[in-house]
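Laboratory data are not the source of any read-out in this text; all were calculated from the coordinates shown. Just so it is clear, the structure is predicted and the values come from calculations on it, not from any experiment. In this analysis, Cβ positions are derived from the backbone assuming ideal geometry, glycine residues included, and neighbour counts consider all displayed protein chains.
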Amino acid sequence: MTEFFLPYEKFQYLIEELSNTGYQCIGPQVKSDAIVYAKMNDIKQLPWGVRELQARGSYQLTKHDNSQAFAWANGPQAVKPLVFTPQETVFKLKRDANGKLSFKSQAQAPKQALLGIRPCDLHALMIQDKVFLESEYVDPFYKARREQLFLCVVNCSYSSANCFCLTADGHPKASSGFDLALTEIDGGFVAEFASTLAQEYLQRLDLIAATKGQRELASKKIEQAIDGQTKVMPKNITQRLLDNPHHPQWDDVASRCLSCGNCTQVCPTCFCHRQTEKPSLDGESSEHIREWDSCFTKDHSYIHGMTIRASTKQRYRQWLTHKLATWHEQFGTSGCVGCGRCISWCPSEIDITEEVTKIMEDKA
Ligand code: SF4
Ligand code: SF4
């Protein structure tokens, strides 16, 4: 497939074209000392000259090269909140004057162009597709929003200290699942317009093919991210984890874990949720709400008068063994893409790769 050179000013033009054709453009921006995804209409809003430093329990922005907008690895969000929203009304019930109840579904699916998601975010989205679209039950809310996405991935030129996508079936360069893939080089991007939809926009941009030098520079940028990745998830962990429910490491991690659920909130694949009713005080209407939950809460395993996973040890073990082991049985893939968010945003500095390494190395 021909790769094109997309200068920054044409990227701006692409944003305008997407907006003119009904897309709400969403891209990375600096807000509250982190890089988050928010509505955008101008490339000036991108995080120019910013890099983040991540460590166990730490995420800090720092200054980098002002000529780059994507010199960072990731922020606390991925695509998840845009397709599986943190809280939404599933339906509303209303009683009319004759006492008859009417039902109104609340599904809303704006056309969203996601500009500048990371390859690990795209990988996570494909895993969420298995959960919400390819299981026995198809989630109509997720489906409606997913079908309206234009996905523009920006390949990584930098790995944070917590990234480990290379040992989580991922790569700093996306290979499929996107409409448009970009690799940032001097003055713009080397661009691959993969989908029919992306090709339609390509027609309007009047681009020229990337030169050999530009393509080589793009490859070097991705090599930089590969070479900079030092964290590793051990191999062949599934059976070892399942065979060791009484390993002493589960007690060790439980003594440090606060059961706060931060790791599940930032994880781009976690999908635990709960559903509640919000009735009006006059009894005339009711709202059925779905919102994110976490397997780290006691309530999440409360069934018929008892809490199945009453201790932090049980809940941490459930999270980790589901994500890395039983997820394979359920969805045919691991539930981890190696983004490292759960490591950066854990207030107790717990590192999933270190916990697994201990379980792999030590005798139970
Ligand atoms: S478990 Fe941690 S590293 Fe893996 S996808 Fe979730 S947040 Fe990222
Ligand atoms: S592992 Fe860390 S982020 Fe996750 S629940 Fe425990 S303390 Fe919170």
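Quick notes on this one:
- Restricting the trypsin sites (Lys or Arg not before Pro) of region 1-49 to loop positions (DSSP other than H, G, I, E, B) with no more than 12 neighbouring Cβ atoms within 10 Å leaves nothing.
- Residue among E147, E200, E349 with the largest mean-square fluctuation in a Gaussian network model of the chain, springs linking Cα atoms under 10 Å: E200
- Dipole moment magnitude, nearest 20 debye, region 66-223 about Cα centre, only Lys, Arg, Asp, Glu C-beta charged: 620 debye
- For region 1-131: Kirkwood Rh in Å [reciprocal of mean 1/r, alpha carbons]: 17.5 Å
- Its relative contact order, with pairs defined as Cα atoms under 8 Å and 6+ residues apart, puts the chain at 21 percent.
- Taking θ as phi - 60° and the Karplus parameters 6.51, -1.76 and 1.60, the scalar couplings of region 180-191 work out to 9, 10, 10, 10, 6, 10, 4, x, x, 9, 8, 10 Hz in sequence order, x denoting glycine and proline.
- Farthest toward the positive end of the dipole of region 187-268, out of S259, L217, M233, is the Cα of L217, where the dipole comes from beta carbon charges about the Cα centre.
- Dividing the Cα radius of gyration of the chain by its Kirkwood radius returns 1.00 for Rg/Rh.
- For region 274-283, putting each phi into the Karplus relation 6.51 cos²θ - 1.76 cosθ + 1.60 with θ = phi - 60° gives couplings of 10, 10, 9, 9, 10, x, 6, 5, 7, x Hz, in residue order, rounded to whole numbers and with x for Gly and Pro.
- Selection from L115, Y137, Q275 lying farthest towards where the dipole of the chain points positive, charges on Cβ: Q275
- For region 93-168, the Cβ-based charge dipole about the Cα centre amounts to some 420 debye (Lys, Arg positive; Asp, Glu negative; other atoms uncharged).
- Distance from the Cα centroid of region 3-22 to that of region 300-364 is 41 Å (rounded to whole angstrom).
- Projecting the Cα atoms of F5, A55, C25 onto the charge dipole of region 1-55 (Cβ charges, centred on the Cα centre) puts A55 farthest toward the positive pole.
- Taking N as its residue count, the alpha carbon Rg of region 67-177 over 2.2 N^0.38 Å: 1.39
- For region 170-228, averaging the sequence separation of C-alpha pairs within contact (under 8 Å, six or more residues apart) and dividing by the residue count gives a relative contact order of 36 percent.
- Computed log10 I(q)/I(0) for region 126-200 at 0.12, 0.26 Å⁻¹: -0.46, -1.16, from the Debye equation with unit scatterers placed on every C-alpha and solvent omitted.
- Rounded to whole Hz, the Karplus (6.51, -1.76, 1.60) HN-Hα couplings of region 48-63, x for glycine and proline: 5, x, 10, 9, 10, 10, 10, 8, 5, x, 8, 8, 9, 8, 9, 7
- Of the cross-linked pairs K80/K104; K231/K313; K130/K212, those separated by over 30 Å at the C-alpha level are K130/K212.
- Mean Cβ neighbour count within 10 Å, used as a protection proxy, ranking 289-295, 69-75 highest first: 69-75, 289-295
- In a reduced charge model with +1 at each Lys and Arg Cβ and -1 at each Asp and Glu Cβ, the chain shows a dipole moment near 560 debye about its Cα centre.
- Our note on the geometry: Cα centres of region 135-200 and region 39-73, 18 Å apart.
- Proximal aspartates and glutamates to K63, defined as alpha-carbon separation beneath 14 angstrom and excluding residues fewer than eight positions away on the same chain: D33, E52
- Its relative contact order, with pairs defined as Cα atoms under 8 Å and 6+ residues apart, puts region 262-318 at 26 percent.
- Translational diffusion of region 273-315, µm² s⁻¹ [Kirkwood Rh, Cα pairs; Stokes-Einstein; 37 °C; 0.692 mPa s]: 271 µm²/s
- Legend: Rg and Dmax of region 1-73, from Cα coordinates, 14.2, 42 Å.
- Hydrodynamic radius of region 256-364 by the Kirkwood approach over all distinct alpha-carbon pairs: 15.7 Å.
- Amide H within-cut-off set for A34, under 5 Å, with H built and near neighbours excluded: none
- Taking T321, T307, T264 in turn, the Gaussian network model of the chain (Cα-Cα springs below 10 Å) assigns the largest fluctuation to T307.
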